[in-house]
Amino acid sequence: MKTRIILVVALLMSLTEVMAAKTIPPVDKKPFPNDSIIVRFGNKTRMVIYGENKKELEKILKYDLNALLKDLKVRLDSTQQDTTLIVEEFSGDDYLKNKPDLGDDKNYVRIGRRGLQIKNGNKRVAVNDDDVDVSDDNTGNFNYGKIGEAAKAYVPSWGSSPRKGFNIGLGLNTYGSNTPMTLSSGAVNEMPDLKPFASRYISLGYIASTTVAKGQKARLSFDFGIDFSWYNLMFEGNKKIVKSPDGIAVFKPVLDEQGTNEIALKKNKYVLPFVNLSFMPTLSFRRSFISHITAGVYGGYRLGSYSKIVAEGSKDKKFDRVNFFANDVRYGVGFELGIRRFPDLFVNYDLNELYETNQGPAVKMLSFGIKLF
């Protein structure tokens, strides 16, 4: 019985190689070569072991036949239907009693905690949370690339809008328009010029998206966003924003305690935070230098405001946390341009004025910059 089991197992191990190396003639038509063994089970089942010579046939004794039989039983038990023929290719080297250390010589596909690993011949690919490693030779030298960069540069997402998810906007503020107002005294009240690189715009938000039309090369999505943003307006000169007795936001020089000399200001800042909602239809492109084009509308509610000044040669910071008649609501139009391998560009233009009607200069804000993530 033991001899029969050995012969049966050896047949299963060498069946694939036998079929590839040499065609075995049917039992009923032509006798087998001399260096072969036929094992009969009943009247209808026959198994054949073929070797080039007796020395080759003796090699089956080097294999762990018990382990092979256990695996064979698992394969048969996993079959869910009445199968008359099962042909599976698996290496007999896996069942060697004295198995050599094959190292990375095997081909494999592995999915686990370390990510996805694939080996086929001399080519290896490993993908984890941060990196993509690719090897195409026998030296083990890999080409490394950040998965985020690789995805954005070569495999753009096609399941949703590229704007979807958490994002950070960093930019600058300027005036879309700045029309001075004339006070009852005849004086002209206008917003001071802004320091270009100190008047920063910051936003933190999240965008949800739904795809409404999808083709082979382009896709239209409706993006809905919520974000918190800040106007940080850094003024040139020494004029600070104050509330006049007439209920108007005016800009006046900061004077010393005697009220005679103007104080030079190192910092002269006005900050307005908002919470905003946006609706931005997005047209994205599958393989193009331009990844997406976005245009839409937004609206926000002001959460407060304050001014801050620091005199030259002083470290004292003076805050004035009051409402300088700024509008509680802002609304406008936005535009974004996505460029592969480069941060997205954005422009926001407020359609309403920064201050309430006739309670400050007629100013509309314009913000522009880049978006990350």
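Structural remarks
- Rounded to the nearest 20, the size of the Cβ-charge dipole of segment 245-373 about its Cα centre is 840 debye, with Lys and Arg at +1 and Asp and Glu at -1.
- Estimated at the nearest 10 Å², the accessible area of Val297 is 80 Å² with a 1.4 Å probe.
- Net charge dipole, segment 150-302: roughly 960 debye, given to the nearest 20, about the Cα centre with Cβ charges of +1 for Lys and Arg and -1 for Asp and Glu.
- The accessible-area ordering, largest first, of the residues Thr182, Thr45 stands as Thr182, Thr45, per a 1.4 angstrom probe.
- Theoretical gain in end-to-end length, Ala208 to Val275 [0.36 nm per residue, Cα-Cα removed]: 22.5 nm
- Rolling a 1.4 Å probe over the protein heavy atoms leaves Asp223 with an accessible area of roughly 0 Å².
- Most to least accessible of Arg341, Arg219 (protein chains only, probe 1.4 Å): Arg341, Arg219
- Taking segment 187-235 and dividing mean pair separation by its residue count, relative contact order in percent (alpha carbons under 8 Å, at least six apart): 47
The values are calculated or read from the model by the stated rules, or taken from the named source; none is laboratory data. Computed from a prediction, not measured in an experiment: that's the story for all the values here. In this analysis, Cβ positions are derived from the backbone assuming ideal geometry, glycine residues included, and neighbour counts consider all displayed protein chains. Calculation scope for accessible area: heavy atoms of the full protein, side chains included, ligands and nucleic acids excluded. Shrake-Rupley method; radii C 1.70, N 1.55, O 1.52, S 1.80 Å.
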